[in-house]
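What follows is calculated from the coordinates using simple rules that are stated; it is not laboratory data. Not measured: the values here are computed from a predicted model. So basically every Cβ, Gly included, is an ideal-geometry build from the backbone, and we count neighbours across all protein chains shown.
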Amino acid sequence: MKRTAKSNAKFTVCVLLYGDHTDLAKRCLESIKPLVDLIDLRIGLNEVSDDTEKYVRDQFAGCCITDNQNPQIFKYPMMRKLFKEFGELKEYTMWFDDDSFIKETNPVSWLGSVEATMTQCDMLGSVYSINYTDDQKAWAKVQPWYNGRMVSNKPRFATGGWWCIKSAILSKHDWPIPELRHTGGDVALGVMLNQQEYVLKHFNRGVAINADASGKESAAERRGFSGKERPVGKGFTPR
């Protein structure tokens, strides 16, 4: 399915659906539906159920681009396809995992607040920090974006379930890199932002990120490949 977004659209919004979780697909996409005439919407379907595929086809035919992969190709290969194979991204790129959703009652107004905040930063999302091991730091130091800055023992990053970034950054740094499969890409992106001195701003107003049934952030049940792969850079040995 393909549509042409309004010429003045500023956002490419990408959504990743996985597996037999039509309830999550609906919760996420119904929250985005009020925005479809304002955005470039791209939906990646990773090994989804027939019910989920039918829902997307029935509700979004003609108003989005979809890519359907069965068997699944995991998170970051699908992200790379959505970013790179369906035309130029708009000024800003926004990402949703299927267990994230807009909870603001006025999504159009919420999108405006995201746009206003993006004028103050290069990327926004719910910012966390995490321990970064010596092998991960060594991996970062051989990346083309490494700029000689100290790699923090606890880098800041926007958790991967939802975020928004200036699309020019994705293009400049070929993000996500082909090496990424499922785990650790959000932290690696945070390290890259720091090396390149981009501004990362905390923002989670009006959006539930990797949320459980009550909308609590970072409380969704782990599914699919989660926990079955070492984060990128773990086990790296410099040559």
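When the helix-only estimate is applied to the chain (DSSP H runs of n ≥ 4, each -39,500 (n - 2.57), divided by the residue count), what is the mean residue ellipticity at 222 nm, nearest 500 deg cm²/dmol?
After summing the helix terms and dividing by residue count, I get -8500 deg cm²/dmol.
At what distance in angstrom do the alpha carbon centres of the range 18-62 and the range 166-225 lie from each other?
When both Cα centres are located, 20 Å separates them.
What does the chain give for Rg and for Dmax, in Å, if only its C-alpha atoms count?
Rg then Dmax for the chain, in Å: 17.2, 53.
For the range 1-74, which semi-axes, largest first and in whole Å, follow from the square roots of 5 times the eigenvalues of its Cα gyration tensor? Don't skip to the end; give the middle numbers.
Working: eigenvalues 88, 30, 21 Å².
Each semi-axis is the square root of five times an eigenvalue, giving 21, 12, 10 Å.
Take the eigenvalues of the Cα gyration tensor for the range 61-158, scale each by 5, and report the square roots as semi-axes in whole Å, largest first.
So the three semi-axes of the range 61-158 are 29, 21, 14 Å.
Can you tell me the order of 150-156, 96-102 when each peptide is scored by its average per-residue count of other Cβ atoms within 10 angstrom, highest first?
Top of the packing list down: 96-102, 150-156.
Relative to the present Cα-Cα distance, how much length would full extension add between D51 and R156 at 0.36 nm per residue of separation?
34.0 nm
Viscosity 1.306 mPa s, temperature 10 °C: Stokes-Einstein D of the range 13-122 from its Kirkwood Cα radius, in µm² per second?
Values: Rh = 14.3 Å.
D = 111 µm²/s.
Given points 7 Å out from each Cα along the Cα-Cβ axis, report the D212 to Q143 separation in nanometres with one decimal.
It works out to 3.1 nm between the two label points.
First obtain the Kirkwood hydrodynamic radius of the range 115-181 from its Cα pairs, then insert it into the Stokes-Einstein equation at 10 °C and 1.306 mPa s, and state the resulting D in µm² per second as a whole number.
Estimated via Stokes-Einstein, D reaches 117 µm²/s.
Taking 0.36 nm per residue of separation and subtracting the Cα-Cα distance, what length does fully extending R205 through R223 add? Mind dumping the intermediate values first?
Working: separation 18, 0.36 × 18 = 6.48 nm, distance 2.51 nm.
Going from the current span to full extension adds 4.0 nm.
Efficiency by 1/(1 + (r/R0)^6): what FRET value for D37 and F86, r their Cβ-Cβ distance, R0 = 22 Å, to the nearest 0.05?
0.75
Over the chain, with a Gaussian network built from C-alpha contacts below 10 Å, which listed residue (A158, A61, A188) shows the highest mean-square fluctuation?
Comparing A158, A61, A188 in a Gaussian network model of the chain, the most mobile one is A61.
Bin width 10 Å, alpha-carbon pairs only: give the P(r) of the range 74-116 as whole percents, running from 0 to the bin holding the largest distance.
Taking all Cα pairs of the range 74-116, the binned fractions are 21, 45, 32, 3 percent.
Convert each backbone phi in the range 174-182 into a coupling constant with the Karplus relation 6.51 cos²θ - 1.76 cosθ + 1.60 (shift: θ = phi - 60°), then list the ³J(HN,Hα) values in order as whole Hz, x for Gly and Pro.
Rounded to whole hertz, the list is 6, 9, x, 5, x, 5, 6, 10, 9.
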